[in-house]
Amino acid sequence: MSKVGQIFFRANSRHGLWTIPLLVAVCCCVGLAASTADFASRQNVLNLFAQAAPLILVSIGQMIVILVKGLDLSVGSVVSLTTGILSLNAPVYVTAPAAMLTAAVVGLLNGVAVTRFRVHPIIATLSIMGIAQGAAMFVRPSAGGTVASEIVALVSGQLFGIYMPVVWTIAAVLTGWKIVHASRFGLHLFAIGGGETAGTFGIAEQRNVLAAYVLSSCFAAAAGIFLAGRIASGDPNIGTQYAVDSITAVALGGTQLAGGIGSLHGTLIGCALLALIANGMNLLNVSAFIQTIVKGAILLLVIALQPRKNIGL
């Protein structure tokens with residue numbers, strides 16, 4: 001482990017090191033505000049919340065899985081599949097529960113593959129990702145359809161004077177905080193991730209890991225509901241970037257991919273930093289291809305700086 005890695009991530013801290021990303025986020029805000037007048041505009045701030053809300057939802061679920069030494073590559077496909085289901089010609093009281101139930105099944109399949117069949121999380125969730133993406137293409141072969149007005153209303157407009165993307169963000173944070181930092185289940189997540197299980201799971205651990213994967217998929221479905229309401233249609237490819245983006249945001253926030261170390265506030269800072277970088281590049285008219293390269297480089301850099309004993313996550 002390099003000295004730089006020891007400085008950047010303190011292994012003896014259960015929450016990980018999130019202060020450096022926070023400082024970088026503040027510097028990004030100052031730099032963007034100075035370089036472009038549009039950054040501090042009311043409309044752009046609202047756009048930031050709208051862009052960040054689904055990422056925050058997916059990243060919270062991703063963090064829950066990473067805390068137990070897992071990884072969920074299927075979240076993007078779950079997002080896409082959710083928008084497809086919601087765009088079917090059916091009442092919202094049918095499509096919304098169907099979308100959440102489908103997401104829960106995807107999460108359960110991931111958890112069973114990891115705990116019962118001992119499949120590595122990357123391989124397990126990559127396989128399920130293919131299944132979920134195929135289902136998304138089957139349900140909605142191309143972008144289109146119409147989302148129920150009730151779903152659109154959940155994303156647009158205001159609630160008690162607060163814009164709905166902000167409401168979604170607050171709800172996601174409160175829910176995530178309760179799960180990770182204010183429940184016995186959250187303590188179990190840290191205990192499983194920090195323990196030396198050598199790849200084996202007891203009965204109690206199996207239940208918690210299964211629950212972690214189900215929660216990850218459900219958070220991804222919530223992000224899909226938000227996006228479906230925002231674009232008012234379904235899109236089988238809209239979730240493509242969320243697997244990598246959520247892992248990057250979680251890692252940026254100080255959560256170690258080896259498990260057992262992380263925090264919700266760190267993940268939120270990682271999401272904010274990633275959203276600021278994307279928003280800034282959009283305002284500066286940076287090519288979408290360059291943006292993808294930058295995100296990939298950030299993920300590689302952050303993971304490279306995380307301490308590890310062996311080759312791997």
### Query
Quick check: is even one residue across the stretch 197-206 among the hydroxyl-bearing types (Ser, Thr, Tyr) and at pLDDT below 95?
yes
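Does the stretch 201-219 contain at least one residue that is in contact (Cβ under 8 Å) with a residue 12 or more places away in the chain and part of a loop (DSSP other than H, G, I, E, B)? Give the steps one after another, and end with the answer.
To start, the set of residues in the stretch 201-219 that are in contact (Cβ under 8 Å) with a residue 12 or more places away in the chain comprises 201, 204-206, 208-219.
Retained after the next criterion (residues that are part of a loop (DSSP other than H, G, I, E, B)): 201.
Taking every residue of the stretch 201-219 in turn, at least one turns out to be in contact (Cβ under 8 Å) with a residue 12 or more places away in the chain and part of a loop (DSSP other than H, G, I, E, B).
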## Note on the structure
Residue hits (the stretch 16-42; hydroxyl-bearing (Ser, Thr, Tyr), touching a residue at least 12 places away in the same chain (Cβ under 8 Å) and open to solvent by 40 Å² or more (accessible area, probe 1.4 Å)) are Ser35
### Query
From the set of residues in the stretch 99-119 that are surrounded by 20 or more Cβ atoms within 10 Å (Cβ to Cβ) and touching a Cys at 6+ places or on another chain (Cβ under 8 Å), which is nearest to Val78 (Cα to Cα)?
Ala103
### Query
Just to be sure, is Ala136 out of contact with any strand residue (DSSP E or B) (no Cβ under 8 Å at 6 or more places or on another chain), in contact (Cβ under 8 Å) with a residue 60 or more places away in the chain and aliphatic (A, V, I, L, M)?
yes
### Query
How many residues does the stretch 93-107 hold that are within 25 Å of Ser149 (Cβ to Cβ) and in contact (Cβ under 8 Å) with a residue 12 or more places away in the chain?
7
### Task
Can you tell me which residue among Thr83, Thr95 is polar (S, T, N, Q) and touching a strand residue (DSSP E or B) at 6+ places or on another chain (Cβ under 6 Å)?
Thr83
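Filter the stretch 147-157 for residues that are in a loop (DSSP other than H, G, I, E, B) and crowded, with 20+ Cβ neighbours inside 10 Å and give the result.
Just the residues of the stretch 147-157 that are in a loop (DSSP other than H, G, I, E, B), to begin with: 147-148, 156-157.
Once the filter is applied, which keeps residues that are in a loop (DSSP other than H, G, I, E, B) and crowded, with 20+ Cβ neighbours inside 10 Å, the stretch 147-157 yields Val147, Ala148.
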### Message
When the residues of the stretch 158-175 are narrowed to those that are farther than 16 Å from Ala222 by Cβ and out of contact with any Leu (no Cβ under 9 Å at 6 or more places or on another chain), which ends up least open to solvent (accessible area, probe 1.4 Å)?
### Response
Gly161
#### Entry: the stretch 228-268 - residue that is at pLDDT 95 or above and touching a Pro at 6+ places or on another chain (Cβ under 8 Å) and, of those, least open to solvent (accessible area, probe 1.4 Å)
Pro236
### Query
Among the residues of the stretch 132-146, is any part of a loop (DSSP other than H, G, I, E, B), more than 15 Å from Ser77 (Cα to Cα) and either open to solvent by 40 Å² or more (accessible area, probe 1.4 Å) or in contact with a Lys or Arg (Cβ under 9 Å, 6 or more places away or on another chain) (or both)?
yes
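The values are calculated or read from the model by the stated rules, or taken from the named source; none is laboratory data. What you are looking at is a predicted structure, and each value in this text was computed from that prediction instead of being measured. For neighbour counting, all protein chains shown are included, and Cβ atoms are generated from backbone atoms with ideal geometry for every residue, glycine included. Ligands, DNA and RNA are excluded from the accessible area calculation, which covers all protein heavy atoms including side chains. Shrake-Rupley method; radii C 1.70, N 1.55, O 1.52, S 1.80 Å.
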